[in-house]
Each structure stands twice: as C-alpha cells, then as structure tokens.
Amino acid sequence: MAQKQPRTWGIFIIQLSLAVYFAITGIFLLTSKLGASISSMEVSAVTMVFSNTTVQMIVKIVLAIVLIVYGVALLIKAFGADLGKLDDVLKIITLIVWCIVTVVALVTYAKTDFAKNGSIFHWFLSLAKNCLIIGGVLTVKNGK
C-alpha cells in the first residue's frame, strides 16, 4: 500500500512548477507552428526524426496532449486532490515520453554541440534541465 506523501512546501512548489511547465509547453505545441517554448528545441528534435510533415504534426499533437493532461493532473494534485491510480498512469506515460524526448534531443544536439568549441555547455545544460524535469516527476509520489 502506497503511503501518502507528506505535504511540504518543497513538494508543493515542485508539483506546481512542473504543472505550469508541462501545461504551457503543451499549449505552445498546440498553438504555435514551431512549438515555440522553452522545450521547442527538444520537441523539434523528436519531430524531425520523421520526414513526413503529417507525422511530425501528429507527434507534436500527441506530445502536447500528454503534457497538458499531466500538467493539469499535477496542478490538481498540488492542491491536495487525490486522483488515485490515474495520476500514476499519467506519470509513467509522461516519464516515458520525456525520457524519449531527452535522449533524442541529446543525440541530436551532440552532432552540433560537440563539433563547435564551447557549445558542449549547451549539451550539458540541456541534460541538466531535462534531468531536473525527470527528477521532479519522480519526486511526486504515487496516489492511493
């Protein structure tokens, strides 16, 4: 039986920050042609794996929906509501999706970042940012 996570300011801030981050990133993916957001480069790396523009658009929409749904679930959970196993399933789906986004983006960045002097820091910053996101999602405990 999963224990309920203690309500601390740190957990509240992590949940709220991730909720806003995922929801806004998803909204930008749906409303912007380029998906311009803080993660647009990562999402572009994933969509560019596919050569067909229709498939790219479908991937972008699926990513956006996953991020928005999990962002809203985190927002609800941050204010004390328990979604039961639904937020556990959404968490696992989002973790898998974000890990894929991270790996594809880092492989894509490696092609250019390691070729230029000093650009290696961009690669490490992207790694750190995505690890913070993944770590934050892992920090949020499961429901009942």
Next on the checklist: What are the extents of the Cα atoms of segment 66-144 along their three principal axes, in Å, largest first?
Outcome noted: 49, 18, 17
Next on the checklist: Order 99-105, 70-76, 47-53 from most to least packed using the mean count of other Cβ atoms within 10 Å.
Outcome noted: 70-76, 99-105, 47-53
Checklist outcome for this item: Expected unfolding gain across residue 111-residue 125 under the 0.36 nm per residue rule, minus the alpha-carbon gap, is 3.5 nm
Item to check | Formal net charge of residues neighbouring residue 101 (Cβ-Cβ distance under 13 Å; K, R +1; D, E -1) | outcome: +1
Checklist entry - Between residue 57 and residue 76, what length in nm is gained on full extension when 0.36 nm per residue of separation is reduced by their alpha carbon distance? => result 4.0 nm
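No lab work stands behind these numbers, since they all come straight from the coordinates. Bear in mind the structure is a predicted one, so any value in this text is a computation, not a measurement. Here the Cβ is made from the backbone with ideal geometry for all residues, glycine too, and neighbour counts use every protein chain on show.
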